Amino acid sequence: MKKTPSCEMINIMQIRAFCQVAAHGTVSRAADNLFRTQSAITRSIRDLEHSLSLKLFERHASGMLLTEFGKCILPRARHAIDELCAIPKIIASVRGKEIAGREFAEPIWLYNTRRLEVFMALFQVHHTQTVANMFHVSQPAVSAALKMLEKGAGLALFQRTPKGMMPTRAGQEIASNISRTLNELRHIPADIAASQGILRGTVSIGALPLGRTRLLPEAILSLLANYPGVNVITNESAFTALISELRAGNVDFIFGALREGVADITNEALFTEEMVILARRDHPLSRGTVSVEQLAAAQWILPRAATPARKLLSQAFGQLGIAEPQPLVETGDLAITRSLLLNSEMITAISSHQLEYELAAGVLVKLPVELPDTHRAIGLTWRQGALHSPAAQALLQAIRDVVSKYQPAPQETESYSLPATE
């Protein structure tokens with residue numbers, strides 16, 4: 001179960017008023033646009049400034065001018081509101097109807113932070129009493145929050161099943177928008193701190209196998225040495241799970257082998273890596289030339305079926321003139337692969353720096369076989385349009401800096417290599 005949500009989230013209605021005043025330049029115009037009184041808008045801005053302990057506007061006779069702090073939080077505030085304003089179209093799509101009317105343009109029913117937190121908690125744990133315990137409220141209070149959301153949506157967002165309260169299709173479709181909204185709000189204090197010269201907050205990174213051995217740990221150490229107030233969370237799930245978390249805003253970015261053809265993401269290639277065949281140092285195949293017949297008859301550990309690495313290997317085996325071996329073990333876990341290699345006559349095909357410490361120590365060796373066309377692009381992946389937190393930006397740069405230390409000059413080679421461990 002995920003961490004209990006904070007009870008001190010920023011008020012969305014206040015954020016809404018802030019964005020409108022910033023857009024129109026005066027309280028009166030913002031009030032007219034929101035169909036609220038000027039005093040209500042003024043109070044929202046005052047309360048938001050009080051909760052953040054800073055001034056967001058300079059009051060002038062000509063209107064309201066953003067302070068530097070106001071300019072700092074405006075992009076993320078707009079992102080949060082835009083995510084919620086997109087939900088009515090999603091609901092309409094689920095219902096199969098065209099959107100119409102002001103209630104779709106201004107989904108007031110969504111502008112309650114605690115209500116959104118309750119939705120996300122129920123989406124994750126599927127049990128109303130558990131959610132009530134998380135927020136220290138009664139179960140009827142959780143049910144009331146859900147009813148308000150379902151009334152606004154005009155359809156059920158959860159349904160009771162033997163497995164608990166499971167999201168309906170509508171609930172599933174809007175969950176990412178709600179999650180991204182809450183994550184945007186959580187980043188606002190870190191944005192403010194960064195504008196004051198203090199980097200803090202949490203960065204969550206999806207760590208695929210190709211980045212875990214040395215590059216990511218070294219980048220994290222560099223980040224924490226420079227910014228001890230930052231907290232790093234790594235997520236080692238499979239790529240499909242990481243993409244879901246990325247789209248929900250729960251993962252800031254992914255580091256590892258890049259995947260092409262995935263909608264709504266941005267890739268930044270940092271280097272390429274080819275696959276090699278590894279075995280323990282006293283393996284029978286480590287003593288001389290290896291024939292294709294020996295490869296075909298070997299006991300293999302291979303990546304899971306349907307992964308990009310497995311597809312590359314299938315093509316490489318075809319070019320070598322042998323059928324793809326039937327693996328004894330299929331895994332993407334390095335600890336399992338390492339132990340199997342060291343304690344059996346199994347061999348594997350993998351990017352060399354994933355087990356570089358074992359290679360440097362001599363307990364594993366590369367077999368003298370070239371796997372054709374197995375180069376893979378390694379780099380960073382994030383959601384298109386994502387507004388990275390200051391901590392995430394700092395870790396992104398730290399990863400780029402670490403990679404640049406080991407990247408050979410372009411005129412020497414296009415491949416990527418790491419120095420041997422001392």
- Note the listed values (1) 84, 51, 39; (2) 114, 48, 40; (3) 60, 49, 39, then indicate which one is Cα extents along the principal axes in Å calculated from this particular structure. (1)
- Per residue, how much accessible area does the stretch 188-324 show when a 1.4 Å probe rolls over the protein heavy atoms, in square angstrom? 44 Å²
- For the stretch 194-230 and the stretch 271-318, compute the distance between their C-alpha centroids and round to whole Å. 33 Å
- Task: Starting from the amide H of residue 374, placed 1.01 Å from N in the peptide plane, find each other amide H under 5 Å away whose residue is 5 or more places distant or on another chain.
- Result: 275
- Item | Cα radius of gyration and Dmax for the stretch 216-367 (Å) | 17.9, 56
- Query: Considering only the chain, what is the antiparallel percent among its DSSP beta bridges, to the nearest 5?
  - Reply: 70 percent
- Relative contact order of the chain (C-alpha contacts under 8 Å, at least 6 apart) in percent is 16 percent
- Across all directions of projection, what mean area in square nanometres is found for the Cα convex hull of the stretch 1-91? 7.5 nm²
- Message: Can you give me the % of accessible surface on the chain that is carbon or sulfur? Probe 1.4 Å, all protein chains present, nothing else counted.
- Response: 51 percent
- Long-range lysine pairs (8 or more apart or interchain), the chain, Cα under 26 Å: 14
- Task: Give the Rg/Rh ratio for the stretch 324-374, taking Rg as the radius of gyration of the Cα atoms and Rh as the Kirkwood radius, to two decimals.
- Result: 0.93
- Over all directions, average the projected area of the Cα convex hull of the stretch 141-207 and note it in nm². 7.2 nm²
- Message: Out of all Cα-Cα pairs in the stretch 65-174, roughly what percent, to the nearest whole number, are more than 17 Å apart?
- Response: 58 percent
- Query: So what's the angle, to the nearest 10 degrees on a 0 to 90 scale, between helix 113-125 and the longest Cα principal axis of the chain?
  - Reply: 30 degrees
- Query: Which shape class applies to the stretch 175-214: rounded if a/c is under 1.5, otherwise prolate when a/b exceeds b/c and oblate if not, where a ≥ b ≥ c are the square roots of the Cα gyration tensor eigenvalues?
  - Reply: oblate
- Query: Over the heavy atoms of residue 71, what accessible area does a 1.4 Å probe trace out, to the nearest 10 Å²?
  - Reply: 110 Å²
- Under a 1.4 Å probe, counting only protein heavy atoms, residue 227 has an accessible area in Å², nearest 10, of 90 Å²
- Would you list 270, 367 from the most to the least accessible area, probe 1.4 Å? 270, 367
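The values are calculated or read from the model by the stated rules, or taken from the named source; none is laboratory data. Being a predicted model, the structure only gives us computed values, none of them experimental. The accessibility values were calculated without ligands, DNA or RNA, using every heavy atom of the protein model including side chains. Shrake-Rupley method; radii C 1.70, N 1.55, O 1.52, S 1.80 Å.
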